[in-house]
1. Regarding the chain, what is the average projected area of its C-alpha convex hull, in nm²?
2. How big, on average over all directions, is the shadow cast by the Cα convex hull of the range 219-312, in nm²?
3. If you roll a 1.4 Å probe over the chain with all protein chains in place, what percent of the accessible area is carbon or sulfur?
4. Let's test this: bin the Cα-Cα distances of the range 173-233 at 5 Å from zero up to the farthest pair and state each bin's percent.
5. Taking 2.2 N^0.38 Å as the expected size of a compact globular protein, what ratio does the Cα radius of gyration of the range 156-312 give against it, to two decimals?
6. By accessible area of protein heavy atoms, probe 1.4 Å, what ranking do Lys213, Lys3 get, highest first?
7. Of Met151, Met1, Met274, which has the most accessible area with a 1.4 Å probe, and how do the rest follow in descending order?
8. Taking the solvent-accessible surface of protein heavy atoms with a 1.4 Å probe, what is the per residue accessible area of the range 159-227 in Å²?
Amino acid sequence: MRKVIFDTDPGQDDAVAILAALGSPGEIDVLGIVAVAGNIPLHHTANNALRLVELADRDDIPVFAGADRPFTRRLVTAEHVHGATGLDGPDLPQPSARLREGHGVDFIIDTVRRNPEKSVTIAALGPLTNVALAILKAPDIAERLEAIVMMGGAYFEVGNITPAAEFNIYVDPEAAAVVFASGADITMLPLDVTHGMRATPSRIDAFRRIGNKAGAAVTAMLTFSETYDLQKFGWDGAPLHDPCVTAFLLRPDLFESRHINVEIETASALTRGMTVADYWGVTDRAKNAVFVRSGDADAVFALLAERVARLP
Ligand code: RIB
Ligand code: CA
């Protein structure tokens, strides 16, 4: 059983990642969800996180609001992909559940300190602002965490928000630099692996055939959010990013990875947010991240659908 805090900017793909985790209660114990500004502003990501726990009939799970902006930069959002609410597609009711009192960064710190060493994992699905703020406020948690498993970055697949950078890192590169320098045990799932996880019509249909509320919502989410990427890439399906984190937590054996050095570009206007991955070991920089380069897409989608099917 893995104890997991989700730090997230839902976002349709974040939603699928969280729903699949909630469908895996025997393997993932979701300790809480912390919203961060990213795909859309914080008030939407926090509200969407509440809608998700209600969709899964799990409003016992605490949801907190975290940072409403990056460390130093102006917030860049992605309504063009996710819609005005960030969770356009399904008709999910406004939540009756309320956010918990307190800041999400303090929830992260308190939860990591309250649990045994190396027992809590942060699954980071958005910009790393909250994670970095927690590490800066409580440096001890970097070593105390079991791991940070994050969707973000790109190397061979280059960028998706600029030619050089992936969105989550681009939004707050200074936060990413703090996390990658923290000494925490980091596993990154970059565009290099997520671009191979394409939500083709048959894979979306597998969610539709489940026949429960969650399956119908996931189908509507993916159908909405694929539009932009299908036009951009011209592929047979849009890449499904954040659910790769949940799939990795459940079945790391479905993925191929390498322990390497990754540095974050923060100075250049042209390449801000680029994850400079020393994949071929051409420097003597310390290895600070497990870089997941590929995975078994059929098995990942089957796993996600099987877990969403366990929800109401
Ligand atoms: O680049 C993809 C990432 O940016 C995903 O986490 C998506 O939800 C957006 O946050
Ligand atoms: Ca996300």
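The values are calculated or read from the model by the stated rules, or taken from the named source; none is laboratory data. Predicted model, so just to flag it, every value in this text is computed and none were measured. With ideal geometry, Cβ positions are generated from the backbone for all residues, glycine too; neighbour counts draw on all protein chains shown. Just the protein is used for accessible areas: all its heavy atoms, side chains included, with ligands, DNA and RNA removed. Shrake-Rupley method; radii C 1.70, N 1.55, O 1.52, S 1.80 Å.
1. 14.2
2. Average projection, Cα convex hull of the range 219-312: 8.7 nm².
3. 52
4. 4, 14, 18, 16, 13, 12, 12, 9, 3
5. 1.12
6. Lys213, Lys3
7. Met1, Met274, Met151
8. Accessible area per residue, the range 159-227: 31 Å².
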